[in-house]
Amino acid sequence: PKAMPVDAGLLAVLQGAASADPAARTAAEQQLAGGAQQPQYGVLLCQVVVSPELDTGIRQLAALVLKKYIKEHWDEHGRKFEP
């Protein structure tokens, strides 16, 4: 089966979040926080996580962002639920 292409914008933001440059990292973190409001955000993160051709660090970062996204958006009765 052919892998789905990874969203280039999300990949660039993840790479920025992993940057050693504090300004780039801060801007990327803000974009990641706002990305949760985008349709299919969880699916796009999953595509990064399961893409073996990507850097392991980027894939791990995507997994952490996905974990946070699920905690905040999965259970509507949860304390931090954001639709």
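Summary table below
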quantity	calculated
Top-ranked residue of the stretch 56-79 - restricted to ones that are over 10 Å from the mean Cα position of the chain (by Cα) and open to solvent by less than 100 Å² (accessible area, probe 1.4 Å), ranked as nearest to Val13 (Cα to Cα)	Gly57
Selection from the stretch 38-55 of residues that are surrounded by fewer than 12 Cβ atoms within 10 Å (Cβ to Cβ) and either more than 12 Å from the chain's Cα centre (by Cα) or in a helix (DSSP H, G or I) (or both)	Pro39, Val43, Pro52, Glu53
Some residue of the stretch 37-59 being at pLDDT below 95 and either among the aromatic types (Phe, Trp, Tyr) or touching a Gly at 6+ places or on another chain (Cβ under 7 Å) (or both)	yes
Scope the stretch 25-36; condition modelled with pLDDT of 95 or more and open to solvent by less than 40 Å² (accessible area, probe 1.4 Å); matching residues	Ala28
Failed item, numbered, when Ser19 is tested on (1) of a type in the set (S, T, N, Q); (2) in contact with a helix residue (DSSP H, G or I) (Cβ under 7 Å, 6 or more places away or on another chain); (3) open to solvent by less than 70 Å² (accessible area, probe 1.4 Å); (4) outside any loop (DSSP other than H, G, I, E, B)	(4)
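The values are calculated or read from the model by the stated rules, or taken from the named source; none is laboratory data. On a predicted model such as this, the values are computed, not experimentally measured, just so you know. Here Cβ is always computed from backbone atoms with ideal geometry, including for glycine, and neighbour counts include all displayed protein chains. Keep in mind that these areas ignore ligands, DNA and RNA; they rest on the heavy atoms of the full protein, side chains included. Shrake-Rupley method; radii C 1.70, N 1.55, O 1.52, S 1.80 Å.
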